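A short worksheet on the structure shown next.
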Amino acid sequence: MKKPRYVRLADVLSTAIQDGKLAPGTKLPTHRAFAEQAGVALATATGAYRELEKRGLIIGETGRGTFVRDLGLPPTLGVQQTATDGLVDLIFNMPSDASDADMLRTGLRKLASAGDLEAMLRYQPHGGRAHERRIIAESLGSVLGPIDPECLLVTSGGQHGLATIALGLFRHGEAIATDTITYPGFKSVAALTGLELVPVEGSDGVMDPDDLERQCHANKLRAIYLMPTVHSPLGAVMDVATRLRLIEIARKHDLLIIEDAAYAFLEPDPPPSLISLAPERTVYVGGFSKSIGTGLRLGYVITPTTHIDRLLEAIRATTWNAPALISGLVTGWIEDGTLAKSEEARKQDGAERQWICRNVLGETSILAHPNAGFAWLSLEKGVRAEPIVTRLKENGFSASGAEPFATTTAVPQALRLAFGGIPKEELPGVFKVVRETIEESLV
């Protein structure tokens, strides 16, 4: 069967890109200009560009045009873990402390000397063991208010919680509103489960309620995905008035609210959570990877009772149950105060790292929470992120542009820097390399 003409055009350009005839960074003609050059309709030219974007060969950039991608950088940059090839990792936020290993040793010894270890070798309830659900629910009470342990389901990390929600509560093709810059893990879940993400404008990570209202009239939305307390990657904390306005719109249009609280523990004085303000329609996702250790995959979903059965079925279908060894460790740390100490240590460590970041890179273009081990660095007008990412890689640093985080077709020019796992004494030198690489692009 003969290929459509737009695919044949895309094949020609693809060959030129892969053969090096169109070098990385080459600016392509506008859709209209390309249509005239190729002697085809504008729709055909647009289809060819869209096909090349799907193949990861070109990228559209806000206000600048369309450029050939650097094929040495994966299209999913920032989502896939960096290979162990000696690069300094500025993509994944992996907070740690010198005492973490001792914390684990102590926790394992305590776990081994108490309880029914044999029970941990058997299948567990899909939503987690009852006493552990109660421990987690009670620990959240000071921030979220009273939580019914029956409505809290234990998952294998926050990411698994998001996948559980997508699989259990939505159908293929349904639309979810989200920020224009959002968490890549949720983008991955949406792509795998066939959900459409509808970008809603906002300001520095705080969704604009008026634009959400417009999107509700323009699209058939089923839910909103939000990170109201310490947005990832922008670090914003949404004010109470905006939270109440978004809830009002959700109630008006019967939208489910997905509240992602992965980094909420970093905020010392958080506003009321969405689940405390609208418990009847909010599904809350949290975890312990960022506050204890990224390798200890334990999270939870808090849900209205109407959704429990479907979420339990999704957990059963994906992991059956979270590992009892991990849940036993974490709930033990909750009870003996280790978790609280770890969270305080992460806050202090993040604040020190932010100070170093701003001291070297300056304040003007950085968006970040003051206690976070990551920052968003907006680039000056005319400066492109991809060449900077390429040069950093050549110098031994893996970094990410905005593409993995963007839900819009046009991608802003920015760098997302994650530095929670880099030794603090090395950070000034790391940020100096980033600053100098950016300055070189201005020449």
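The values are calculated or read from the model by the stated rules, or taken from the named source; none is laboratory data. Just so it is clear, the structure is predicted and the values come from calculations on it, not from any experiment. Cβ placement follows ideal geometry from the backbone for every residue including glycine, while neighbour counts extend to all protein chains displayed. We work out accessible area using only protein heavy atoms, side chains counted, and drop any ligands, DNA or RNA first. Shrake-Rupley method; radii C 1.70, N 1.55, O 1.52, S 1.80 Å.
Given Gly205, Gly141, which one is open to solvent by 10 Å² or more (accessible area, probe 1.4 Å) and more than 15 Å from the chain's Cα centre (by Cα)?
Matching residue, one of Gly205, Gly141: Gly141.
Before we move on, is Tyr225 at pLDDT 95 or above, open to solvent by 20 Å² or more (accessible area, probe 1.4 Å), within 29 Å of Gly295 (Cβ to Cβ) and aromatic (Phe, Trp, Tyr)?
no
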* Structure fact -> Residue pairs within 9 Å by beta carbon, gap of at least six or interchain, first lying in region 43-59 and closer than 11 Å to Asp11 by Cα, second β-branched (Val, Ile, Thr) and open to solvent by 30 Å² or more (accessible area, probe 1.4 Å), listed first then second, are Ala48/Val12
* Asked: Does any residue of region 354-368 turn out to be of a type in the set (Ser, Thr, Tyr) and more than 23 Å from the chain's Cα centre (by Cα)?
  -> yes
* Structure fact -> The residue that is most open to solvent (accessible area, probe 1.4 Å), considering only those in region 1-33 that are under 20 Å from Pro387 (Cβ atoms), within 32 Å of the chain's Cα centre (by Cα) and not charged (D, E, K, R), is Gln18
* Asked: Counting only residues that are hydrophobic (A, V, I, L, M, F, W, C) and touching a residue at least 40 places away in the same chain (Cβ under 8 Å), which one in region 122-136 is surrounded by the fewest Cβ atoms within 10 Å (Cβ to Cβ)?
  -> Ile135
* Asked: List pairs: first in region 380-403 and more than 12 Å from Val433 (Cβ to Cβ) and open to solvent by 20 Å² or more (accessible area, probe 1.4 Å), second at pLDDT 85 or above and not in a helix (DSSP H, G or I), Cβ under 8 Å, 6+ apart or cross-chain?
  -> Glu380/Ser365; Arg384/Gln413; Glu386/Gly401; Glu403/Val411
* **Members of region 135-164 found to be touching a Lys or Arg at 6+ places or on another chain (Cβ under 7 Å), assigned to a loop (DSSP other than H, G, I, E, B) and either among the aromatic types (Phe, Trp, Tyr) or within 18 Å of Ala264 (Cα to Cα) (or both), listed by number** => Gly157
* Given the residues Pro268, Pro272, which is the only one that is over 23 Å from Cys151 (Cβ atoms), assigned to a loop (DSSP other than H, G, I, E, B) and touching a Lys or Arg at 6+ places or on another chain (Cβ under 8 Å)? -> Pro268
* To do: Kindly indicate whether any position in region 412-433 is open to solvent by 10 Å² or more (accessible area, probe 1.4 Å), touching a Lys or Arg at 6+ places or on another chain (Cβ under 9 Å) and over 25 Å from Phe265 (Cα atoms).
  => yes
* Asked: So how many residues does region 96-113 have that are aliphatic (A, V, I, L, M), closer than 16 Å to Ile334 by Cα and either over 31 Å from the mean Cα position of the chain (by Cα) or open to solvent by 90 Å² or more (accessible area, probe 1.4 Å) (or both)?
  -> 1
* **Lone qualifier among Tyr123, Tyr49 - being at pLDDT 80 or above, of a type in the set (Ser, Thr, Tyr) and assigned to a loop (DSSP other than H, G, I, E, B)** => Tyr123
* To do: Kindly check whether there is at least one residue in region 290-298 that is open to solvent by 10 Å² or more (accessible area, probe 1.4 Å), among the charged types (D, E, K, R) and modelled with pLDDT of 95 or more.
  => no
* **Selection within region 228-255 - open to solvent by 10 Å² or more (accessible area, probe 1.4 Å) and either part of a helix (DSSP H, G or I) or in contact with a Gly (Cβ under 6 Å, 6 or more places away or on another chain) (or both)** => Leu234, Ala236, Val240, Ala241, Thr242, Leu244, Arg245, Glu248, Arg251, Lys252
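Every residue, every condition in (1) among the hydrophobic types (A, V, I, L, M, F, W, C); (2) within 28 Å of Gly107 (Cβ to Cβ); (3) open to solvent by 50 Å² or more (accessible area, probe 1.4 Å); (4) in contact (Cβ under 8 Å) with a residue 24 or more places away in the chain, yes or no:
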position: Glu280; (1), (2), (3), (4): no, no, yes, yes
position: His307; (1), (2), (3), (4): no, no, no, yes
position: Arg310; (1), (2), (3), (4): no, no, yes, yes
position: Trp320; (1), (2), (3), (4): yes, yes, yes, yes
position: Ser327; (1), (2), (3), (4): no, yes, no, yes
position: Glu363; (1), (2), (3), (4): no, no, yes, no
